[in-house]
Amino acid sequence: MDEMTLNVSTAAVQVDGLSRRYGAIRALDEVDIKLDRGITGLLGPNGAGKTTLLSILATVNEPDSGRVSVLGLDPRDAAERLEIRRCLGYLPQELRYHRHFTVAGFLDYVAILKEIIDRRQRAEEVARVLAAVGLERRARTRIRALSGGMRQRLGIAQALLGQPQLLILDEPTAGLDPEQRLRFRELLSDLPGDPVIVLSTHQADDIAAICPTVVVLLQGRVRFAGTPAELAATARGRVWAADGRNPDAHLSWRGGDGRWRHIGDQPPAGAELVVPTVEDGYLLASHAAGAR
Amino acid sequence: MTNRDPEPVGPVAWVDGHASDGMLASYAAGTVETIEVWSVEAHLTGCGRCRSAVSAHVDAARLARNRSVLLSRAALGDGGRVRRLLCRCGLPDYLLDLVAATPSLRVSWLLSVVGVLAVVAGEAAAVRYHLIGGGYPVAAGYWPAGALAPFLLVGPLLVLAGVAAAFLPMFDPAYQLTVAAPFSSVKLLLVRTIAALTAALVPVVIGAFVVPGPGWLPVALLVPSLALCTFALAAATVVDARAAAVIAGTLWALPALLLAANHVPLRIVQPSAQLACAAVLLASAVVLYLRHDRFELGWMR
């Protein structure tokens with residue numbers, strides 16, 4: 001950071017006209033996003049382009065076209081890409097591990113890759129992130145002996161090494177139990193230094209709980225960008241609860257209370273209008289995209 | 001509790017042979033002088049009352065932090081005698097940690113050991129049951145020259161495979177993290193390659209001593225092995241890394257098979273071939289030097 005000061009006067013992350021294809025599949029199609037510091041949630045179904053977008057922001061994937069600016073730096077330029085990587089904590093969607101590693105050994109290895117050269121400093125950093133994800137008692141355990149949830153926490157821990165200014169987390173809550181998800185939300189909310197955090201998830205309640213900004217990505221295109229409250233508000237007046245199923249509704253499902261929840265333009269008979277949630281807004285956007 | 005930089009405070013008190021509450025609080029906060037720390041700690045080892053009293057003053061968060069650091073240091077260990085020895089020789093300790101943490105080195109070593117053992121055992125069996133023959137006798141005179149052909153073909157290929165295992169993304173499960181990290185890819189590649197080369201070369205050279213070839217055979221395998229690996233690395237700056245390894249392997253296998261078919265397998269390591277390999281090694285090293293930035297700061301491949 002000596003010669004290249006971070007330009008954070010504009011958006012922390014800016015994406016203009018970003019496209020990426022894999023053969024015939026268009027993973028991202030002219031995506032425009034502008035993100036400020038804080039936590040942004042990326043919501044979308046499988047195949048929506050979330051992982052591709054995050055891997056491009058994490059500088060491991062190259063876009064076909066479009067422009068990306070991360071912390072004021074351009075990843076197309078090798079020197080600026082290095083600076084981005086120095087600020088980056090990245091959790092890929094399917095992080096695979098060297099299974100013979102111990103938990104601490106793996107983190108030590110990643111710490112070296114993150115240029116934490118001093119052995120003592122590495123040990124302290126490893127201890128810090130292990131404590132942050134509640135794995136300090138597992139420091140000597142081999143990764144192959146960890147449960148899926150513990151491996152996910154280890155993945156989060158490696159992303160936190162070096163206190164990154166930019167944290168890109170692809171499906172960080174996958175495999176976590178409800179208590180661990182709560183702890184994860186607290187962890188992100190308490191991170192010092194106001195880092196830029198972009199996370200993808202299928203869990204609308206994660207978004208509602210911790211993300212001031214949400215972006216809905218569907219079929220490689222941005223269908224919504226705003227606050228969770230604004231996303232929920234898109235479904236205002238279109239969500240009803242009823243005792244029976246409504247075949248005319250766009251979407252219907254039975255809730256835990258045994259009542260049917262409907263999203264549609266017309267209320268079913270005997271239905272009552274309910275306050276929409278983030279999930280309702282997301283489902284409505286998803287339905288609208290599918291209808292196009 | 002002695003790992004701190006205490007700032008001296010006023011006089012600390014001992015009351016009836018026990019540390020005063022104020023003293024224990026200062027001790028827990030790390031604000032007593034070193035000499036007093038020793039006194040307090042000597043006293044605490046034998047006094048349950050003061051041990052109980054001091055725990056009330058201890059910063060729980062700091063204690064948890066220290067405990068966590070101790071646990072992770074214990075888990076990481078000191079790397080053993082070899083590591084300490086290499087550190088004394090001037091090698092940076094983080095590079096040794098990096099080599100030790102490179103999982104594919106096990107693949108390189110295993111591949112080489114198993115491959116050499118299989119070839120040597122196969123050759124011995126083939127000679128014993130008269131499955132191999134022809135050609136002129138080797139210097140030792142016991143085995144026909146044809147028996148050497150499999151070893152000459154496979155030896156350098158095993159070294160190449162070992163090195164390929166160290167740099168091919170398919171053998172690095174955490175490859176995405178490696179790409180997204182700022183650590184120099186070239187440095188990482190070279191460290192891994194040198195380590196893998198050493199790991200794979202040792203069994204091949206030992207194997208060369210065991211097979212009944214000329215006495216110079218172990219040395220004669222070094223240049224071709226190095227040339228193949230360097231060529232593969234240089235080619236990987238132009239084509240996909242996997243394709244580069246396959247091309248390098250083919251460039252060795254074709255002449256080796258051809259010479260074996262003509263009952264002159266040893267020519268693949270004789271002076272003219274050594275010169276050719278040295279030329280390839282030199283040219284590849286130059287290409288690698290000129291194009292090393294292709295490995296640096298790349299995208300995922």
Simple spin-label model, 7 Å along Cα-to-Cβ: B:ARG294 to A:SER189 in nm?
-> 5.1
Dipole magnitude (debye, nearest 20) for chain A, charges at Cβ of Lys, Arg, Asp, Glu | 1020
Residues whose built amide H sits under 5 Å from the amide H of A:THR40, excluding neighbours closer than 5 in sequence, are A:ILE197, A:VAL198, A:LEU199
The summed charge of the B:CYS47 Cβ neighbourhood (under 13 Å; Lys/Arg +1, Asp/Glu -1) stands at 0
Lys, Arg +1 and Asp, Glu -1 on Cβ, resulting dipole of the protein assembly as shown about Cα centre, debye, nearest 20 | 1840
Just flag the chymotrypsin sites (Phe, Trp or Tyr not before Pro) in the stretch B:187-275 sitting in loop per DSSP whose Cβ has no more than 11 other Cβ atoms within 10 Å.
-> none
Determine ³J(HN,Hα), in whole Hz, for all residues of the stretch B:211-220 in sequence, where each value follows from phi through the Karplus function 6.51 cos²θ - 1.76 cosθ + 1.60 and θ = phi - 60°; x replaces Gly and Pro.
-> 5, x, x, x, x, 8, 4, x, 5, 5
Report the net charge of residues surrounding B:MET23, where surrounding means a beta-carbon distance below 14 angstrom and charges are Lys +1, Arg +1, Asp -1, Glu -1.
-> -3
Label-to-label distance, nm, for residues given as A:LEU251 and B:LEU254 (7 Å Cα→Cβ offset) | 5.9
Rank the residues B:ASP21, B:ASP172 as a footprinting-exposure proxy: fewest other Cβ atoms within 10 Å of their Cβ go first.
-> B:ASP21, B:ASP172
What does a probe at A:GLU115 reach in the stretch A:73-101, counting residues whose amide N is under 17 Å from the point 7 Å along Cα→Cβ?
-> A:73-90
Potential extension, A:ARG140-A:SER19 segment - 0.36 nm per residue separation minus Cα distance = 39.2 nm
Could you work out the local net charge near A:VAL274, counting Lys and Arg as +1, Asp and Glu as -1, over the other residues with Cβ closer than 11 Å to its Cβ?
-> +2
Label point distance in nm, A:ARG259-B:ALA61, each placed 7 Å from Cα along Cα→Cβ | 4.4
Report, for the protein assembly as shown, the % of DSSP beta bridges that are antiparallel, rounded to 5.
-> 65
Taking a cut-off of 28 Å between Cα atoms, list the lysines near A:LYS34, but don't count ones fewer than 8 places away on the same chain.
-> A:LYS50, A:LYS114
For the protein assembly as shown, with the dipole built from +1 on Lys and Arg beta-carbon atoms and -1 on Asp and Glu ones, taken about the Cα centre, which of B:ALA61, A:ILE263, B:ALA276 lies farthest toward the positive end?
-> B:ALA276
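Every number in this text was worked out from the coordinates using simple rules, so none of it is lab data. Keep in mind the model is a prediction, meaning the values are calculated, not measured. Please note: Cβ atoms are built from the backbone with ideal geometry, for glycine as well, and neighbour counts cover all protein chains shown.
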